[in-house]
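Below is one structure, written out as structure tokens, with a few remarks after it.
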Amino acid sequence: MLKKIEESIRYVNKQSRFLNGKRSRFNKKIKLCYSKNTKIALSWSGGKDSYLLLQKAIENGFKIKFLFNLIDKEKKISITPPYNKELMVLQSKALGLPLRQIDLSGNPRGKFKEFVVSVKNQGIDTLGMGYIGLKGQREFVQDTAIEAKIDVFEPLCSIDQKELLKEVIKHKIKPLIISVDYKKMSKMWLGKVVNNNFLNYLDKIKNVSYCGERGEFQTLVVDAPFFKKKIIMENYTPVKVDDHYYLYVNKAKLIEKPCRRTYILHLDGPCNQRCLFCMKSDDIENKPKKSYDSVIEEIQKAASSGYAIIDFYGGEPTTYLFLKDIICFANKLGLEATLATNAIMFSSKDYTKDFFNAVNLMGIRVSLHSYNPKIHDKITQIQGSWEKTIKGIRNILKFNKRLSVNIVITSLNYNQLPEITEFVHSLGVKGIKFSGLYSVGRILKNKDLCVDHSLFMPYLKKALKLSKKLNFFLIEIEKMPKEILKDNIFKNVRYIEDL
Ligand code: SF4
């Protein structure tokens, strides 16, 4: 087995040279500016550079059609490290992007050229390449691309290598070091993840490129912001071949990621209600509506900073005509989405159908403050809002069952919390949230709505007991002092720290 692995590694090292050009020059015909939604096929070899290429393609607004990885079908291996081609399949599943494995066996240059032509014939305008230096491989790809009349996106070439490595660390990308040249650096780094300690180590040793461009080290990304799942190694073999130690991964699998951080996207902008306690009233009245481009940029930043969920929060998000598009965009980046709304817009069946046919929401929170229309309308200051919200809830439930109702506790409803809970359940809703109030925004002019914790607590406890009995899938409290959690009634109730 070990012998076979050694042979594979030597074979790959030899094969990859076939893809090199003869000269080392930069081809000025290569396009440097790209328009949004340009279709791209991205080279993928599983390491940190491939991942950075993917990230830059997303940041530049490319439409990623597929990843491609070069393999030798006869030898059953990947032509780039980490050699085991199944690992790339796991990465593509983790990313939720299709992977095409391109067989170069027998004739690497000819088959690569054929592949590039076929990409162009599929209506894909650009090839994304993750090489860094002005190496021969770049030359070969550029010449091939020019022949096939396809552009090349090669964003890593112009960036300083130390800066690139810093970017990897900053974006919480986890590349595992799978090979080290032991003549140039310590073999203790084999199997470790690239981090600040590794960067400090590289600072101290001489004649080593920060991205391992001279073969000093190679990596395999096992987790990253755009990975919906992460990879764990189940079986691997350290192998010594010539000047290198390799970590040959025989078996790996995908597992769920434990931490799923939420980014609150404050859309601000207008609202179709005027709630007496609105904490966002200053933003609603004074801040301009956000533009589509600025929201897209915010989502991209959240994704590349490692957030897994985006919560679309108002004003009232449905006042944005492009709400559907930005949620779809977040979904495409692999982010889960949640939405906070007063559901007025969802009182239209057509709007609801159109909306849920386009987007994928993992949760939706609807504000409803009473079973009594008069009390709810008094709070929202919109006649008929209760009726529309109830219609909206019913319409939403036809498409998404992960609906949770948010009840803001005020002097107008605190003593009805158990009855409101019962009413919410009767609508078919299975999630509930009880929210306190902060003295921010419009409540400052309506202080009589504030109610002391000691006064509402008995009703809240009854409502929580009932919610548990009614088997709500989600029971939450928010904007309440943490000390109350000592009481046993708050067991299995999710406490939200702050928005
Ligand atoms: S629905 Fe929300 S954003 Fe709109 S006024 Fe009421 S509290 Fe403010």
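The values are calculated or read from the model by the stated rules, or taken from the named source; none is laboratory data. The structure presented is a predicted model; accordingly, all values stated were derived computationally and were not measured. Note that we place each Cβ from the backbone using ideal geometry, even for glycine, and neighbour counts take in every protein chain shown.
For this structure, a couple of remarks:
- Scan the range 379-432 for residues that are in contact with a Pro (Cβ under 9 Å, 6 or more places away or on another chain) and within 18 Å of ASP354 (Cα to Cα) and the total you get is 0.
- Among the residues of the range 334-346, at least one is crowded, with 18+ Cβ neighbours inside 10 Å, assigned to a loop (DSSP other than H, G, I, E, B) and modelled with pLDDT under 90.
- Check on GLU285, more than 16 Å from the ligand (Cβ to nearest atom) and acidic (Asp, Glu): no
- For the range 312-356, the candidate set comprises residues that are more than 30 Å from GLN55 (Cβ to Cβ) and of a type in the set (S, T, N, Q); within that set, the residue that is nearest to the ligand (Cβ to nearest atom) is ASN342.
- Within the range 212-237, being of a type outside the set (Val, Ile, Thr) and at pLDDT below 85 holds for GLY212, GLU213, ARG214, GLY215, PRO225, LYS228, MET233, GLU234, ASN235, TYR236.
- Of all residues in the range 401-432, those satisfying the criterion of being more than 16 Å from the ligand (Cβ to nearest atom) and of a type in the set (Val, Ile, Thr) are ILE420, THR421, VAL424, VAL429, ILE432.
- Filtering the range 166-210 to residues that are in contact (Cβ under 8 Å) with a residue 60 or more places away in the chain and touching a Phe, Trp or Tyr at 6+ places or on another chain (Cβ under 9 Å) leaves VAL168, HIS171, ILE173, PRO175, ILE177, ILE178, SER179, VAL180, ASP181, TYR182, VAL194.
- Among the residues making up the range 377-404, those that are of a type in the set (S, T, N, Q) and in a loop (DSSP other than H, G, I, E, B) are GLN381, GLN383, ASN400.
- The residue that is farthest from the chain's Cα centre (by Cα), counting only those in the range 377-410 that are among the hydrophobic types (A, V, I, L, M, F, W, C) and surrounded by fewer than 20 Cβ atoms within 10 Å (Cβ to Cβ), is ILE382.
- Answer residue from the range 288-311, given it is of a type in the set (S, T, N, Q) and in contact with a His (Cβ under 8 Å, 6 or more places away or on another chain) and is farthest from the ligand (Cβ to nearest atom) among those: SER304
- Of all residues in the range 238-271, exactly one satisfies the criterion of being modelled with pLDDT of 85 or more and of a type in the set (S, T, N, Q), namely THR262.
- Taking the criterion of being among the aliphatic types (A, V, I, L, M) and in contact with a helix residue (DSSP H, G or I) (Cβ under 8 Å, 6 or more places away or on another chain), the residues of the range 98-124 that qualify are LEU99, ILE102, LEU104, VAL116, VAL117, VAL119.
- Filter pass, ILE64 being over 16 Å from CYS157 (Cβ atoms), surrounded by 14 or more Cβ atoms within 10 Å (Cβ to Cβ), among the β-branched types (Val, Ile, Thr) and modelled with pLDDT under 85: no
- Failed criterion for CYS275 (all others in (1) under 30 Å from LYS166 (Cβ atoms); (2) within 15 Å of the ligand (Cβ to nearest atom) hold): (1)
- Looking across the range 306-342, just one residue is among the basic types (Lys, Arg) and within 20 Å of LEU97 (Cβ to Cβ), and that is LYS332.
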